[in-house]
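I have placed the structure first, in the form of structure tokens, so that the comments after it can refer back to it.
Coordinate-derived values only; no laboratory data. Remember, it's a predicted structure, so these values are computed and weren't measured experimentally. Cβ placement follows ideal geometry from the backbone for every residue including glycine, while neighbour counts extend to all protein chains displayed.
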Amino acid sequence: MIRFQSLRYALVVLLALPIEGSRPQVDPSALRIAFGSKRDGNWEVYAVDSEGRHLTRLTRRVEAGDRFPIWSPDGTRIAFGSQVGNHWELWVMGSDGSAPTRLTSGIVAKSPRAWSPDGSRILFESQRDGNREIYTITADGSELRRLTTSPADDINPTWSPDGRRIAFSSSRDGNAEIYVMDADGGHLSRLTSNPAKEDTPVWSPDGSRIAFVSDRHTHRALYLMGADGSGQIELSWVPNAEDHVPVWSPDGKRIAFQAVRGENYDIETVDLAGRRRTRLTSDPGYDGSFSWSPDGNRLAFISARQGSDALYLMGADGSQVHRLVNEPALDPKWSP
């Protein structure tokens with residue numbers, strides 16, 4: 001009897017262990033979306049669950065305007081931008097709003113910011129030295145590093161998935177091109193060389209490829225290349241749209257992006273296997289500022305379709321669109 005119970009216990013333990021290479025299942029109801037809102041009269045950071053039922057105000061700094069939240073990789077912290085007077089600061093807090101801490105000042109408000117994959121540093125742009133350069137800072141604010149030094153602006157930095165490299169755009173050689181460097185700023189390499197403007201690089205989830213935007217064909221479209229700059233191809237182009245802000249799906253099979261037609265802003269995706277372009281929104285109002293859910297099944301986004309910017313959800317195919325938060329909102333980001 002004792003032997004049977006021991007075997008049964010061992011079987012239960014084995015069944016509970018994760019299978020190598022498998023991804024842990026995430027309970028969708030446990031996920032949250034952080035965003036900025038003026039619902040209480042001042043820009044603050046809020047979080048809401050994906051059903052829109054549990055709304056939490058995370059910042060309460062009436063002397064500042066807090067926006068642009070980004071979750072740490074483990075979901076325990078949120079970094080955000082804070083406007084104090086005419087300048088912007090970088091802050092970090094617990095995911096419940098606890099222990100807000102100022103890390104540094106002089107960040108570029110609407111530029112990309114990102115946690116390193118291991119959660120130890122935050123990547124950002126600053127104009128503190130006269131032009132836009134790329135910096136990192138430790139998550140406790142103890143060490144600030146300037147990674148680029150160029151008379152030209154160095155912009156749109158993004159971490160590789162392994163945290164060892166950073167891709168960015170720069171016009172240091174006379175024209176906007178894509179570059180890559182080590183995470184400490186060393187071993188700079190130029191990946192593109194074209195008379196067109198090329199910017200907004202983003203790494204694929206496996207780190208093997210980089211998507212970017214270029215106006216090689218008179219207007220802006222999505223392109224794809226290897227992480228070393230090889231095999232550059234046009235990914236999606238239509239004659240009546242300007243494409244911006246590419247964001248990879250978590251499985252690396254699709255890229256969502258902002259498509260602009262005249263004064264209309266919509267969200268589209270392109271499937272990498274067949275390069276098939278799908279328009280997810282087609283409302284006359286603004287649709288943009290989107291974020292993939294961790295499972296890739298939904299997107300949170302901002303829409304002005306009912307007169308003011310508000311937070312919406314939709315399926316990854318554009319179905320099941322519904323408004324999540326009624327009051328004005330901006331900058332949504334899913335928790336990991």
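Counting pairs of alpha carbon atoms under 8 Å apart in space and at least six apart in sequence, what relative contact order in percent does the range 32-146 give?
Relative contact order for the range 32-146 comes out at 15 percent.
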query: Where does each of T148, T158 land when they are ranked from fewest to most other beta-carbon atoms within 10 angstrom?
result: T158, T148
task: May I have the extent of the alpha carbons of the range 25-159 along their three principal axes, as whole Å values ordered from largest to smallest?
output: 49, 38, 24
task: Once every Cα of the range 221-317 carries one equal point scatterer and solvent is ignored, give the base-10 log of I(q)/I(0) from the Debye formula at q = 0.10, 0.17, 0.19, 0.24 Å⁻¹, two decimals.
output: -0.26, -0.74, -0.90, -1.30
field: Simple Cβ-charge dipole of the chain, Lys/Arg +1 and Asp/Glu -1, about Cα centre, in debye nearest 20
entry: 540 debye
- prompt: Considering only H54, P328, W292, whose Cα is most displaced toward the positive end of the charge dipole of the chain, charges sitting on Cβ of Lys, Arg (+1) and Asp, Glu (-1)?
  reply: H54
- prompt: Applying the Karplus parametrisation 6.51 cos²θ - 1.76 cosθ + 1.60 with θ = phi - 60° to the phi angles of the range 282-290, what ³J(HN,Hα) value in whole Hz is obtained for each residue in order, glycine and proline being reported as x?
  reply: 8, 7, x, x, 5, 10, x, 6, 9
message: Through the Karplus equation 6.51 cos²θ - 1.76 cosθ + 1.60, θ set to phi - 60°, convert the phi angles of the range 170-185 into ³J(HN,Hα) values in whole Hz; use x for Gly and Pro.
response: 8, 10, 4, 9, x, 8, 5, 9, 9, 10, 9, 9, 5, 5, 9, x
- prompt: For the chain, what is the convex hull (Cα atoms) projected area averaged across all directions, in square nanometres?
  reply: 20.9 nm²
message: Tell me the mean residue ellipticity at 222 nm calculated for the chain from its helices only (DSSP H runs of n ≥ 4, each -39500 (n - 2.57), averaged over every residue, nearest 500).
response: -1500 deg cm²/dmol
query: How high is the relative contact order of the range 184-336, in percent, counting Cα pairs under 8 Å that sit 6 or more residues apart?
result: 12 percent
